[in-house]
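All remarks here apply to the structure that follows.
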Amino acid sequence: MLRAIGPTESPAPDAHRVPWHVDREDPAHPLLTNEGAQAAQYVRLYVADGREPPDVETWGRLQPGESRELCLCGCELDDTTVTVAWFLPDDDREWAWSFVV
């Protein structure tokens, strides 16, 4: 069963804390920040709002503390899901996390 990892808990060996923080002050332009301790590599965002297939935006590498704005102009915000996919240094597993605005 999935459960949240508390801030003082160590993750299990195959777990990883999601490094992303989303500032939704402007829902059409959410600001995504890498709050993790490691760089996120090959970062890609998949924006699904009912269109087929989802739009893909490639950001490449985001350093810890680095932020980028995502433009969701033209999307139906009530129906939009953003999936962030990335790799960690020295890890060949792809990580993914989704959010809604």
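The values are calculated or read from the model by the stated rules, or taken from the named source; none is laboratory data. For clarity, every value in this text was computed on a predicted model and none was experimentally measured. Cβ placement follows ideal geometry from the backbone for every residue including glycine, while neighbour counts extend to all protein chains displayed. Areas reflect the complete protein model, heavy atoms only, side chains present, ligands, DNA and RNA absent. Shrake-Rupley method; radii C 1.70, N 1.55, O 1.52, S 1.80 Å.
Restricting the calculation to Cα atoms, region 27-79 shows an Rg/Rh of 1.01 when the hydrodynamic-style radius is the Kirkwood one.
Protection proxy ranking of 70-81, 90-101, by the mean of other Cβ atoms within 10 Å over each peptide's residues and highest first, is 70-81, 90-101.
Rolling a 1.4 Å probe over the protein heavy atoms gives the chain an accessible area of 65 Å² per residue. Working note: Cα atoms of the chain, range along each principal axis, descending, whole Å: 40, 29, 26. Of the residues PRO30, SER67, PRO19, the one whose Cα sits farthest toward the positive end of the charge dipole of the chain, with +1 on the Cβ of Lys and Arg and -1 on the Cβ of Asp and Glu, is PRO19. If R0 equals 22 Å, the separation of the Cβ atoms of TRP95 and ASP23 corresponds to a calculated FRET efficiency of about 0.60.
Rounded to the nearest 20, the Cβ-based charge dipole of the chain about its Cα centre (Lys and Arg +1, Asp and Glu -1) stands at 260 debye.
Protection proxy ranking of 16-23, 51-58, by the mean of other Cβ atoms within 10 Å over each peptide's residues and highest first, is 16-23, 51-58.
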